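The values are calculated or read from the model by the stated rules, or taken from the named source; none is laboratory data. Since this is a predicted model, take the numbers as computed values, not measurements. Using ideal geometry, Cβ is built from the backbone for each residue, glycine included, and neighbour counts are taken over all protein chains shown.
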Amino acid sequence: MALKKPLTSEQQFEVTDFSKREEVIALFPQYKREQLASRKALPKSVNIENFTMKTPYGDKVLLSNAELILEPNRRQALFGPNSCGKTLLFTNMLNGEIEGFPTHLHVHHCKELEEHEMHDTVLNTVVKSNPYLNLLWKCEAKLKALLAEPEPKDIAGLKSNLEFISFQINTVGGNNATDKASKMLRVLGFDEIGQAKPVKALSGGLKMRVALCMAFFIEADLLLLDEPTNHLDFPSVLWLENRLRGYKGSFLLVSHDRELLKNVCTGVLLMEDQLLSITILASLNSKRSVVSK
C-alpha cells in the first residue's frame with residue numbers, strides 16, 4: 001500500500017478548522033509551536049557534543065567529534081580557512097540538519113539575496129520577510145472572512161482564535177511592520193522612491209542593504225551573517241555595526257572586515273583541524289581571549 005504524501009503548507013492551511021486553536025497552532029513553524037507549548041522559558045543556548053559534519057555528498061569529513069557550543073546573547077565571529085565548511089554549518093543550522101540542535105530556536109541566515117527574493121518592491125520585500133508574520137496575517141484574514149459569512153460555525157471559537165492571532169501579530173511587531181521597515185530602509189538611504197523600486201533593479205550593494213534590513217526586521221533568536229559587508233559603503237557598515245552591538249539575540253558572523261569583528265564580537269568560534277574551538281573576549285576592544293576551550 002502506497003504511503004500518502006504529506007500535505008503541503010497550502011493544503012494544510014485549506015483543511016484547517018480555524019475554530020480549533022490546536023489546528024491553527026499546527027500551522028505555525030516548529031520553533032514557535034515549541035515555544036508556545038512550553039510553560040517556561042526555553043534555553044537560548046546550544047550545547048552539542050561529538051558533532052560530526054560531512055560535505056553534502058559525504059565524501060569529506062569537515063568536523064569530527066567537535067563541540068558546538070553557542071551561549072545565549074553571545075556575539076561570535078566564525079573563523080576558519082577557506083572550504084572548511086563555514087557556510088555549510090550555517091545552512092545545516094538553518095535547515096535543522098544537526099542532530100541535537102534546539103528546534104525551539106528561531107534561526108535566520110542573512111546572506112546575499114537569491115533570485116526568488118527579488119520580485120517585489122524594496123519595502124514589501126522587507127515587510128514580508130518574516131514567514132511566521134506572513135502566516136499570522138494570512139490566518140487573520142481567513143478568520144475575518146469566516147466570521148463575515150452569513151452563518152459562521154462556532155462563532156465563539158473563531159472570535160477567540162482571532163484574538164489569539166491578533167495578539168501574536170502584536171507580539172512580533174506586525175501592527176507597525178510597514179513603519180518599522182520603512183524607517184530602517186530610510187536610514188540606509190532608501191527614500192520613498194527608493195523603497196518603491198523593485199529589488200531586482202538594485203545594485204549589489206543596495207541588495208545587500210535590503211538583506212540586512214530583512215535580518216534585523218525578523219529579529220531571530222540566532223542570526224547567522226555570511227560576509228554581510230560585501231558591497232557595502234562605509235556609512236552602511238557603521239549602521240550594521242550599531243545594529244549588531246544592540247542585537248537582542250545571538251549571532252555568528254563570518255566577515256573579512258577585522259574592524260567590524262573587533263568592534264562587535266564578544267567571542268570567536270574557530271573551525272580548524274575538524275574541530276571547533278571557542279574563544280571568549282574580555283571586552284569589545286580585546287584583541288585575544290581570556291578563556292579558551
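Among the residues of segment 170-182, those identified as surrounded by fewer than 14 Cβ atoms within 10 Å (Cβ to Cβ) and more than 13 Å from residue 124 (Cα to Cα) are 170, 171, 175, 176. For segment 153-174, residues that are under 26 Å from the mean Cα position of the chain (by Cα), of a type in the set (Gly, Ala, Ser) and assigned to a helix (DSSP H, G or I) total 2. Pairing each residue of segment 231-258 that is aromatic (Phe, Trp, Tyr) with any residue that is assigned to a strand (DSSP E or B), provided the two are 6+ apart or on different chains, yields C-beta distances under 8 Å for 247/75; 247/223; 251/75; 251/76; 251/222; 251/223; 251/224; 251/225. Scanning segment 215-231 for residues that are farther than 22 Å from residue 177 by Cα and surrounded by fewer than 16 Cβ atoms within 10 Å (Cβ to Cβ) turns up at least one hit.
Restricting attention to segment 134-145 and to residues that are in contact (Cβ under 8 Å) with a residue 40 or more places away in the chain and crowded, with 17+ Cβ neighbours inside 10 Å, the residue that is nearest to residue 109 (Cα to Cα) turns out to be 135.
In summary, strands (runs of 3 or more DSSP E) completely within segment 39-111 and bearing 3 or more residues that are at pLDDT 90 or above, out of contact with any helix residue (DSSP H, G or I) (no Cβ under 6 Å at 6 or more places or on another chain) and more than 17 Å from residue 251 (Cα to Cα) occur at 46-54, 61-70. Of the residues making up segment 259-277, just one is crowded, with 18+ Cβ neighbours inside 10 Å and free of Cβ contacts under 8 Å to residues at least 40 places away in the same chain, namely 260.
Only one entry in 49, 67 is exposed (fewer than 13 other Cβ atoms within 10 Å of the Cβ) and in contact with an Asp or Glu (Cβ under 8 Å, 6 or more places away or on another chain), namely 49. The single condition from (1) farther than 28 Å from residue 205 by Cβ; (2) touching a residue at least 12 places away in the same chain (Cβ under 8 Å) that residue 131 fails is (1). Of the strands (runs of 3 or more DSSP E) lying entirely inside segment 202-286, the ones with 3 or more residues being of a type in the set (A, V, I, L, M, F, W, C) and under 28 Å from residue 133 (Cα atoms) are found at 222-226, 250-254. Look at segment 163-192: where a residue is among the basic types (Lys, Arg) and a partner is at pLDDT 95 or above and part of a helix (DSSP H, G or I), sitting 6+ places away or on another chain with Cβ atoms under 8 Å, you get 180/217; 186/195.
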